[in-house]
Amino acid sequence: MSNSVALSFQNVTKNFGGLTAVDKVNFDIRDNEVFGLIGPNGSGKTTVLDLVSGLLRLSSGKIISYDKKISGKTSAQIARRGVSRTFQLVRMLPTLNVKENIASGGVFGFRRYRRKELDRKVNYMMSQVGLTGKGMLPITMLTYIDQKRVELARALMSDPKIILLDEWLAGLNPTEMKIGINLISGIRYEGRTVVVVEHHMEAIRSLCDRCIVMNSGQTIAEGKPNEVLNDERVISAYLGVGNA
Ligand SMILES: Nc1ncnc2c1ncn2[C@@H]1O[C@H](COP(=O)(O)OP(=O)(O)O)[C@@H](O)[C@H]1O
Ligand SMILES: [Mg+2]
């Protein structure tokens, strides 16, 4: 790999009218890293993912992925560059079954498939995330963790180099959380770069190589989870002490 930086954020800023949701943010995510994005509600984490995936346009600054500028590109172009994501609130096609929902992830994106290939790939993805045998079930019949598995499988269908997970572990019970953490680790060992927005600190500690903490659109700490989670500014941001 010529350049080991999967994503480079350079003075990335996003304004919504008078509100600066992301404020001149600078950090790099390395190739094949599990990178955490943490911070209180409203601190700008989802907006950062929306900027990477092209759902939103930057107000200023740029985002570089493996030496190529992706900010300013459309979400379809960015997907073709190997970026895939899940959403904070599960988004699925309710009239379609499990297989069809997963297959929808192979239609756009980095890798696209022909009919026969698609079917094989969908079956493979179902086995990877633990959905074997559930392909024909309507989405509405699934338990919450199984819906999460569908989302993950769908995001992986395009064989992304970088996957963005927005609170993917949220709402899982402790047993499911362990399964979820293992699934995410597995994605990294396939060689992908994983960006997780997460509130669950144990998950951050066990998954992430490094993380940044955001508060009011700015990054207030960066480093290994243990360093960052003991940082006074981080603790006070979470407790709301001196937090504008
Ligand atoms: N589309 C939007 N229009 C206006 N304001 C928004 C929009 N999306 C997010 N915001 C605001 O930007 C800030 C950051 O939001 P968000 O990135 O969702 O935070 P987080 O994911 O860290 O909880 C919040 O104040 C939120 O209300
Ligand atoms: Mg969010």
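The values are calculated or read from the model by the stated rules, or taken from the named source; none is laboratory data. If you're wondering where the values come from, they're calculated on a predicted model, not measured in any experiment. Glycine also receives a Cβ, built like all others from the backbone with ideal geometry; neighbour counts cover every protein chain displayed. Quick note on the areas: whole protein, heavy atoms, side chains included, nothing else; ligands and nucleic acids left out. Shrake-Rupley method; radii C 1.70, N 1.55, O 1.52, S 1.80 Å.
A few comments on the model shown:
- Qualifying residues in region 31-57 (those that are buried (at least 21 other Cβ atoms within 10 Å of the Cβ), over 13 Å from Phe9 (Cβ atoms) and hydrophobic (A, V, I, L, M, F, W, C)) - the one farthest from ligand 1 (Cβ to nearest atom): Val34
- Residues located in region 58-82, provided they are among the hydroxyl-bearing types (Ser, Thr, Tyr) and either within 8 Å of ligand 1 (Cβ to nearest atom) or assigned to a helix (DSSP H, G or I) (or both): Ser75
- Residue match in region 83-96 (condition: surrounded by fewer than 20 Cβ atoms within 10 Å (Cβ to Cβ), within 16 Å of ligand 1 (Cβ to nearest atom) and assigned to a helix (DSSP H, G or I)): no
- Residue check, Lys134 more than 30 Å from Asn26 (Cβ to Cβ), in a helix (DSSP H, G or I) and of a type outside the set (S, T, N, Q): no
- Region 201-244, subset part of a loop (DSSP other than H, G, I, E, B) and under 22 Å from Arg30 (Cα atoms), residue most open to solvent (accessible area, probe 1.4 Å): Lys224
- The number of residues in region 165-200 that are part of a helix (DSSP H, G or I) and among the small types (Gly, Ala, Ser) comes to 3.
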